[in-house]
Amino acid sequence: MPNARLKDVARKARVSVATVSLVLADKGRISQEVRGRVRETAASLGYRPRSGSRGGRPAAVAAVGILCAEDRQYEWNFIRPTLLELEHALRQRGHTPVLIPVGSRDEPDKAVQHVQESGVRAVFSLQISAGAVFAGLRERGIQVVVINTSGFQDRLDSVCVDDFQGAYEGARHLLGLGHRSVAFVEYARPESPAVVADRFIGFRKALDEQRVGFSPERRITVPFMDTARLEKRLAALFSRPGRSAGGGRPTAIFAHDDYLGLYVIEALGRMGLSVPGDVSLVAPGDVLDYSLPLMPQITTLRIDTALLGKIAANLMFDRMRAAEPGPHVLKVKEQLVRRSSCRELEIAPRRRTE
């Protein structure tokens with residue numbers, strides 16, 4: 001095939017252009033089966049690298065990496081719109097998106113090497129807290145834009161969610177329904193202290209504005225996926241008599257996200273309590289897929305993850321065109337989505353909060 005191009009090889013070999021480029025440049029973590037198929041296809045088409053390439057290798061593909069956690073599959077429904085938006089924006093600008101999975105236990109040096117081997121010139125980091133990896137990439141001239149991780153706003157270009165505002169509005173919704181005995185349930189997330197702090201502070205601000213008391217016992221913090229401890233803490237809290245503002249049995253729960261909210265519903269169910277019959281529930285996120293049958297319909301503070309991707313892509317393109325001083329930080333507002341996990345109390349005051 002005269003004048004065969006990389007995309008011709010990619011189409012016939014049924015792989016991406018970036019994969020062809022990496023195989024022919026002897027780079028990347030690519031299986032031997034794929035490498036063999038790409039080389040055979042290139043030979044059959046008579047592909048030859050352009051004369052301007054160094055060392056007889058093909059010209060570099062303008063590839064941009066997307067770092068995502070490979071060990072948090074439960075987030076897929078949540079991050080999928082962001083990935084699709086990034087892919088669309090990159091392809092429109094002539095860039096090739098390269099998905100780069102990163103494990104939570106990966107050594108920083110190995111993660112940086114993995115990114116380098118992929119041949120990308122810039123990287124989006126999607127919900128990953130890896131300061132050492134980001135620093136290593138920047139040292140090697142690889143631009144980084146952080147998405148939905150708020151702990152690097154002083155160092156890196158970041159597109160985040162306004163977690164403070166979201167928690168504030170979620171708590172206001174419960175107060176507007178007449179709830180004055182509200183518990184706060186969260187994960188212990190040492191890798192993301194900012195989001196934990198912002199959500200709790202936003203929650204407390206709403207209560208403080210309405211002069212609603214909150215005792216420390218109502219803040220339940222458990223390790224991720226420690227369902228036994230979650231149920232134990234909830235059982236202790238709901239064994240208290242009464243419904244006073246400062247203590248007693250809660251009528252509502254604000255959960256850190258709706259994934260945790262799902263486990264809260266299950267734990268309450270084993271205690272003989274229902275949502276929203278006995279306890280109302282609000283959570284940020286839309287991590288769950290609410291189109292699935294039998295999925296509990298939790299009132300959430302929806303995060304527009306597609307918008308996160310669109311803003312992040314535009315920020316990256318600006319950075320790739322010209323270096324500007326200082327990190328840029330942009331935040332996206334959460335939107336309340338009313339589902340069936342909340343009910344209005346009969347004792348609700350006539351004048352509700354806005």
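The values are calculated or read from the model by the stated rules, or taken from the named source; none is laboratory data. As the structure is a computational prediction, the values presented were derived from the model and not from experiment. Please note: Cβ atoms are built from the backbone with ideal geometry, for glycine as well, and neighbour counts cover all protein chains shown. Quick note on the areas: whole protein, heavy atoms, side chains included, nothing else; ligands and nucleic acids left out. Shrake-Rupley method; radii C 1.70, N 1.55, O 1.52, S 1.80 Å.
The set of residues in region 190-206 that are under 17 Å from ASP258 (Cβ atoms) and assigned to a loop (DSSP other than H, G, I, E, B) contains only SER192.
Taking the criterion of being of a type outside the set (Gly, Ala, Ser), in contact with a helix residue (DSSP H, G or I) (Cβ under 8 Å, 6 or more places away or on another chain) and open to solvent by 30 Å² or more (accessible area, probe 1.4 Å), the residues of region 128-144 that qualify are ARG140, GLN143. Selection of region 188-241 for residues being under 24 Å from LEU268 (Cβ atoms), among the hydrophobic types (A, V, I, L, M, F, W, C) and open to solvent by 80 Å² or more (accessible area, probe 1.4 Å) yields PHE224, MET225.
What about LEU177, is it farther than 29 Å from ARG319 by Cβ and touching a Cys at 6+ places or on another chain (Cβ under 7 Å)? Yes: the conditions hold for LEU177. Among the conditions (1) of a type outside the set (D, E, K, R); (2) within 22 Å of ARG240 (Cα to Cα); (3) open to solvent by 10 Å² or more (accessible area, probe 1.4 Å), the only one that HIS179 does not satisfy is (3).
Of the strands (runs of 3 or more DSSP E) entirely within region 237-333, those holding at least 1 residues that are under 23 Å from GLN127 (Cα atoms) and out of contact with any helix residue (DSSP H, G or I) (no Cβ under 8 Å at 6 or more places or on another chain) occupy 299-302, 329-332.
Residue-level analysis places LEU308 outside the set of residues that are surrounded by fewer than 16 Cβ atoms within 10 Å (Cβ to Cβ), within 25 Å of ASN77 (Cα to Cα) and either at pLDDT below 90 or not charged (D, E, K, R) (or both). Scanning region 211-238 for residues that are among the hydrophobic types (A, V, I, L, M, F, W, C) and under 25 Å from the mean Cα position of the chain (by Cα), we see that the one that is nearest to ARG249 (Cα to Cα) is ILE220. Given the structure, is THR299 farther than 26 Å from SER150 by Cβ and touching a His at 6+ places or on another chain (Cβ under 8 Å)? Considered against the rule, which asks whether it is farther than 26 Å from SER150 by Cβ and touching a His at 6+ places or on another chain (Cβ under 8 Å), THR299 comes out as no.
Can you find a residue that is within 16 Å of LEU234 (Cβ to Cβ) and of a type in the set (Phe, Trp, Tyr) anywhere in region 260-282? Yes; the residues of region 260-282 include at least one that is within 16 Å of LEU234 (Cβ to Cβ) and of a type in the set (Phe, Trp, Tyr).
Within region 152-185, the set of residues being in a loop (DSSP other than H, G, I, E, B), in contact with a Gly (Cβ under 9 Å, 6 or more places away or on another chain) and among the small types (Gly, Ala, Ser) comprises just one member, SER181.
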